[in-house]
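The values are calculated or read from the model by the stated rules, or taken from the named source; none is laboratory data. Every value quoted in this text rests on a predicted model; they were computed, and no experiment measured them. All Cβ positions, glycine included, derive from the backbone under ideal geometry; neighbour counts span all protein chains shown. Heavy atoms of the whole protein, side chains included, go into the accessibility calculation; ligands, DNA and RNA do not. Shrake-Rupley method; radii C 1.70, N 1.55, O 1.52, S 1.80 Å.
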Amino acid sequence: MRWLIPRLSEFQDRHPEIDLHLSVGGGGFDFARDRITLAIRRLDFALDANWQVERLVEEQVGPVMHPAMTDRFAAGDYIALAAKTRPDGWQKWSAAHPDAPKPRSTRFLDHHFLMVEAAAGGLGVAICPKIMAIDDLRKGRLAAPLGFQPDGSHYGIIRSALAKKTAGIDQFVSWLLATIQQDFHAAS
């Protein structure tokens, strides 16, 4: 949502006849029970064999911080910000980057969105998915001195049997794929 919402006006300007309803969720779901026809999720849970799943973008993670904190980060004088939705994020990243500076302590926030805002506010350094930070990096609100590395997972778009027949879904999926391509694959 943090990446998608700022871009939705472009889609809505092109297709004002298509009514989108957004809701936040992660992990498993049921199309009928949850009354959804299309889901964008991190593909880290069991997927139904009847679903049509298309990968959107590879998950890449790395430490992000307010630009003024880069020296403190390099010296290991920082608080690690972690999300309760992925409590082992720092452990996994640190294991893959044993030479990276270690934090003084770790503070947990309820969700990645809060973690990114806390990092931008100078409260610490967040292990953050690139998709959550890309706009703030471009604006200079965040810095990612060590960049981002793939963590082995992907975001994907999942369609139910109903979604395959629903008007507007194909237009939205085409627009989404083109926008992902522009943001993450063109010239990067």
**Candidates A49, A82, A75, filtered to the one that is within 22 Å of the chain's Cα centre (by Cα) and either on the phi < 0 side of the Ramachandran plot or open to solvent by less than 20 Å² (accessible area, probe 1.4 Å) (or both)** = A82
**Request:** Filter the range 149-159 down to residues that are loosely packed, with under 14 Cβ neighbours inside 10 Å and modelled with pLDDT under 90, then give me how many there are.
**Result:** 1
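For the range 119-133, check the following and say yes or no: at least one residue is free of Cβ contacts under 8 Å to residues at least 40 places away in the same chain and surrounded by fewer than 22 Cβ atoms within 10 Å (Cβ to Cβ). Don't jump to the end; show me each part of the working.
Let us first name the residues in the range 119-133 that are free of Cβ contacts under 8 Å to residues at least 40 places away in the same chain, namely none.
No, the range 119-133 has no match at all.
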**Fill in**
Of the residues in the range 1-49 that are polar (S, T, N, Q) and modelled with pLDDT under 85, the one that is farthest from F172 (Cα to Cα) is S23
**Matching residues, the range 1-37, being under 22 Å from H112 (Cβ atoms), of a type outside the set (G, A, S) and open to solvent by less than 40 Å² (accessible area, probe 1.4 Å)** = W3, L4, R7, L8, F29, I36
**Prompt:** So which pairs qualify, if the first residue must be in the range 2-30 and acidic (D, E), the second must be open to solvent by 70 Å² or more (accessible area, probe 1.4 Å), the Cβ gap must be under 9 Å, and the two must be at least 6 apart or on different chains?
**Reply:** E17/A167
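Can you name the residue in the range 160-173 that is farther than 16 Å from E17 by Cα and either open to solvent by 50 Å² or more (accessible area, probe 1.4 Å) or in a helix (DSSP H, G or I) (or both) and is also modelled with the lowest pLDDT among such residues?
For the range 160-173, the residue satisfying everything is K164.
Here is a list: M69, M65. Which entry is at pLDDT 90 or above, within 22 Å of the chain's Cα centre (by Cα) and closer than 23 Å to M115 by Cα?
Exactly one residue qualifies, and that residue is M65.
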